[in-house]
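Down below is the structure, laid out as structure tokens.
The values are calculated or read from the model by the stated rules, or taken from the named source; none is laboratory data. Predicted, not measured: the structure shown is a model, and the values here were computed from it. Note that we place each Cβ from the backbone using ideal geometry, even for glycine, and neighbour counts take in every protein chain shown.
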Amino acid sequence: MSFLVLSGIDKRFGSVVAVDNLTLEVAQGEVVALIGPSGCGKTTTLRIISGLERADAGRVFLRGKDVTSLPPEARAVGLVFQSYALFPHLTVEKNVAYGLRRMPRRERSHRAKELLQLVGLEEHGGRRPHQLSQGQKQRVALARALAPQPNVLLLDEPLAALDAALRTSLRSELKHMLHQLGVTALYVTHDQAEALALADRLAVMRAGVLEQEGPPERVYMRPESPFVARFLGRANIWPARVTEVRDGQAQVDAGGETFTAPAGQMRTGDKAYLFSRPEDVQPGSGIPFQVERAEYQGDRWEVQARRGELEVLVYVARDTLLGAEVQLSFPPSSFQLLPRESDR
């Protein structure tokens with residue numbers, strides 16, 4: 001049985017559709033990243049799960065119980081926000097223990113110290129929030145959310161306010177901590193790298209609709225729509241037409257060039273998008289392309305090249321001069337055909 005279930009959730013604000021018939025299941029101990037562009041309904045979905053917003057239609061189930069009509073305090077849900085929302089007048093330990101007020105004082109203190117040790121702040125319990133770094137404040141916010149042992153932990157862009165290096169460090173710590181504790185979590189972010197690194201499963205939203213969900217590697221390598229392909233990482237997407245299908249392979253015309261790709265469900269004459277990732281394009285031999293841009297990215301160069309109507313991104317190990325010609329090959333396994341109608 002799924003630990004958290006959203007069934008047919010609808011939410012509108014006036015004429016704006018925030019969430020549209022959303023159905024999603026999260027298993028116990030699973031970390032699901034809810035990703036998508038700004039305004040796609042991610043935060044509204046979290047607020048509906050927590051009880052801070054009431055859905056116009058649909059049901060929310062936690063541990064098999066319908067909690068749709070329950071207030072936030074009756075759902076046992078932990079919340080971690082980008083803003084931390086720590087109480088400035090309380091010590092770090094008392095901030096962590098804030099949600100344990102019904103617990104005897106000694107047990108409350110023991111639980112708070114236990115959580116501070118877990119997040120590496122056991123020596124900071126007597127400090128005030130203003131005496132902490134941004135990363136330490138986020139750890140305190142996480143410890144406070146975990147202290148009451150919530151049914152599910154909801155995290156809304158918790159690392160967005162941190163600098164890049166600290167964000168990378170904390171996301172590794174957070175992933176280890178969530179799995180160590182066996183916490184069921186729904187993690188909202190628009191940072192694709194963060195989602196890929198943290199989550200057991202991705203759920204990609206667009207305009208309130210769940211566009212695709214699945215393990216991170218599968219969603220990244222096998223997107224089901226041009227939107228998902230473009231949103232999750234860099235992508236080469238060309239309008240194309242299937243000219244022949246034989247033995248599971250399709251001959252495809254794109255920009256006047258012929259390529260071979262796995263046919264999937266495509267048939268001869270179908271219009272499609274021919275999709276590949278830059279890392280799957282092989283430089284060194286094949287079709288000549290003219291280099292238009294080369295951008296240094298530390299461990300590699302990202303090269304943008306063109307041949308007629310075809311524009312391609314490819315990663316190379318060293319600089320390729322602007323205006324130079326680069327030979328590129330496209331193994332059939334590097335391609336995927338996406339139906340045109342999926343590009344809504």
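Structure notes:
- Residue check for residue 131: polar (S, T, N, Q) and under 24 Å from the mean Cα position of the chain (by Cα): no
- Residues of the range 113-169 classified as within 25 Å of residue 5 (Cα to Cα) and β-branched (Val, Ile, Thr), total: 1
- Among the residues listed as 166, 100, 153, the single one being in the same structural domain as residue 63 (by TED's automatic domain parsing), in contact with a Gly (Cβ under 6 Å, 6 or more places away or on another chain) and touching a residue at least 40 places away in the same chain (Cβ under 8 Å): 153
- Filter result (surrounded by 14 or more Cβ atoms within 10 Å (Cβ to Cβ) and under 22 Å from the mean Cα position of the chain (by Cα)) within the range 63-83: 77, 78, 79, 80, 81, 82
- Residue list for the range 87-106, restricted to those being more than 25 Å from residue 172 (Cα to Cα), touching a helix residue (DSSP H, G or I) at 6+ places or on another chain (Cβ under 8 Å) and not hydrophobic (A, V, I, L, M, F, W, C): 88, 94, 98, 99, 101
- Those residues of the range 263-278 which are in contact with a Ser or Thr (Cβ under 9 Å, 6 or more places away or on another chain) and loosely packed, with under 14 Cβ neighbours inside 10 Å, in sequence order: 268, 269
- Restricting attention to the range 39-59, the residues that are aliphatic (A, V, I, L, M) and assigned to a helix (DSSP H, G or I) add up to 3.
- Among the residues of the range 203-219, the one identified as of a type outside the set (A, V, I, L, M), on the phi > 0 side of the Ramachandran plot and not in a strand (DSSP E or B) is 208.
- Which numbered condition residue 104 misses (of (1) more than 22 Å from residue 176 (Cβ to Cβ); (2) at pLDDT 90 or above): (2)
- Being surrounded by 19 or more Cβ atoms within 10 Å (Cβ to Cβ) and in the same structural domain as residue 195 (by TED's automatic domain parsing) holds for only one residue in 91, 44, and it is 44.
- Single unsatisfied condition, residue 127 versus (1) farther than 26 Å from residue 30 by Cα; (2) in a helix (DSSP H, G or I): (2)
- For the range 72-89, the criterion of being farther than 23 Å from residue 214 by Cα, assigned to a loop (DSSP other than H, G, I, E, B), without any contact (Cβ under 8 Å) to a residue 24 or more places away in the chain and among the hydrophobic types (A, V, I, L, M, F, W, C) is satisfied by no residue at all.
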